[in-house]
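Asker: Below is the structure I would like to discuss, written out as C-alpha cells.
The values are calculated or read from the model by the stated rules, or taken from the named source; none is laboratory data. Being a predicted model, the structure only gives us computed values, none of them experimental. Neighbour counts run over all protein chains shown; Cβ positions are idealised from the backbone, glycine included. Just the protein is used for accessible areas: all its heavy atoms, side chains included, with ligands, DNA and RNA removed. Shrake-Rupley method; radii C 1.70, N 1.55, O 1.52, S 1.80 Å.
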Amino acid sequence: IKPSTMKREWALVKAVVAKNVSGVDMPTDVFSALVLPRVFAPEINRVSDEDFAKLLEGTKSDFTRNQYLNPTLRLALATGMRKGELVSLNWTEVDFDKRFITVTAEKAKSGHRRQIPITGAAYDALRDLYELNYETGSVLNASTDALKSAYKRLQKFTNMQRIRFHDLRHEAISRLQI
C-alpha cells in the first residue's frame, strides 16, 4: 500500500470518528499518537531538446508498436495536455480554422472547460494524427492503457525511464514564453 493511500484512508477514518453522529461515547483523541507516513511528490524532470529528440527517434522503431506515439508526444509537449485529455480528445473539439483545442469540463481534471491554442508544433502533430485516423472521430484512437504501454516500451527502448509522460506537461508549461 502506498503511503499516500494509507494517509488518505486514515484521514477518512479519523473524520468519521470525529463526526460521531451516533451519539455513542467514543474517545476522539484515538488517532493523536498515530504517525502517518510522509508523502513525497515525485520529482519533476526537465525534458531537454536532446531527451525529446531521443524519444522521438525511438518512436520510429517497431519496438514501440504504436504509429500514434510520435505525433502524440509532439502534441503533448506543444499543448501541455494531460494524458487522459489527449486520449479522450475528439476531432469535434479541434478547431483548425480558429486554431484552438477545447478541453471540455467533463474531460478536464479541474472540472473547468478550457481552450488551448494550436501552435505551429501542435498543428503539425494534429495534421499527422488527422492523416492517420480522422474517420474514427478520436484524435488518438488509443486507450489510456495502450498509450501507457507504448510509452513504457519507448522508455525501455530509449533507456529514458526517468522521463515520465507527465513530465512533458510540466516541460510544456516551463517553456511557455510570456
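Asker: Scan Thr59, Thr102 and give me the residue that is within 17 Å of the chain's Cα centre (by Cα) and polar (S, T, N, Q).
Answerer: So the residue among Thr59, Thr102 that is within 17 Å of the chain's Cα centre (by Cα) and polar (S, T, N, Q) is Thr102.
Asker: Let me ask something else. If a residue must be in contact with an Asp or Glu (Cβ under 8 Å, 6 or more places away or on another chain) and not charged (D, E, K, R), how many such residues does region 81-109 contain?
Answerer: The total comes to 5.
Asker: Quick check: is even one residue across region 99-113 of a type in the set (Val, Ile, Thr) and assigned to a loop (DSSP other than H, G, I, E, B)?
Answerer: Yes, region 99-113 contains at least one residue that is of a type in the set (Val, Ile, Thr) and assigned to a loop (DSSP other than H, G, I, E, B).
Asker: While we're here: Please pick out the residue among Leu154, Leu147, Leu140 that is touching a residue at least 24 places away in the same chain (Cβ under 8 Å) and not in a helix (DSSP H, G or I).
Answerer: Leu140
Asker: Something else about it: For region 89-98, which positions are free of Cβ contacts under 8 Å to residues at least 24 places away in the same chain and either farther than 19 Å from Tyr130 by Cα or assigned to a strand (DSSP E or B) (or both)?
Answerer: Asp95
Asker: Quickly run through region 2-46 and pick out the residues that are surrounded by 12 or more Cβ atoms within 10 Å (Cβ to Cβ), of a type in the set (Val, Ile, Thr) and at pLDDT 70 or above.
Answerer: Listed by number, the residues that qualify are Val13, Val17, Val39, Ile44.
Asker: Among the residues of region 78-88, is any over 20 Å from His170 (Cβ atoms), open to solvent by 20 Å² or more (accessible area, probe 1.4 Å) and either in contact with a helix residue (DSSP H, G or I) (Cβ under 8 Å, 6 or more places away or on another chain) or part of a loop (DSSP other than H, G, I, E, B) (or both)?
Answerer: Taking every residue of region 78-88 in turn, at least one turns out to be over 20 Å from His170 (Cβ atoms), open to solvent by 20 Å² or more (accessible area, probe 1.4 Å) and either in contact with a helix residue (DSSP H, G or I) (Cβ under 8 Å, 6 or more places away or on another chain) or part of a loop (DSSP other than H, G, I, E, B) (or both).
Asker: Name the pairs: first residue in region 116-135 and open to solvent by 40 Å² or more (accessible area, probe 1.4 Å), second residue not in a helix (DSSP H, G or I), Cβ to Cβ under 6 Å, at least 6 apart or on different chains?
Answerer: Pro117/Phe100
Asker: Which residues, taken from region 89-115, are of a type in the set (Gly, Ala, Ser) and surrounded by 13 or more Cβ atoms within 10 Å (Cβ to Cβ)?
Answerer: Of everything in region 89-115, just one residue is of a type in the set (Gly, Ala, Ser) and surrounded by 13 or more Cβ atoms within 10 Å (Cβ to Cβ), namely Ala108.
Asker: Identify, by number, the condition in (1) touching a strand residue (DSSP E or B) at 6+ places or on another chain (Cβ under 8 Å); (2) crowded, with 20+ Cβ neighbours inside 10 Å that Thr59 doesn't meet.
Answerer: Going through the list (1) touching a strand residue (DSSP E or B) at 6+ places or on another chain (Cβ under 8 Å); (2) crowded, with 20+ Cβ neighbours inside 10 Å, Thr59 breaks only (1).
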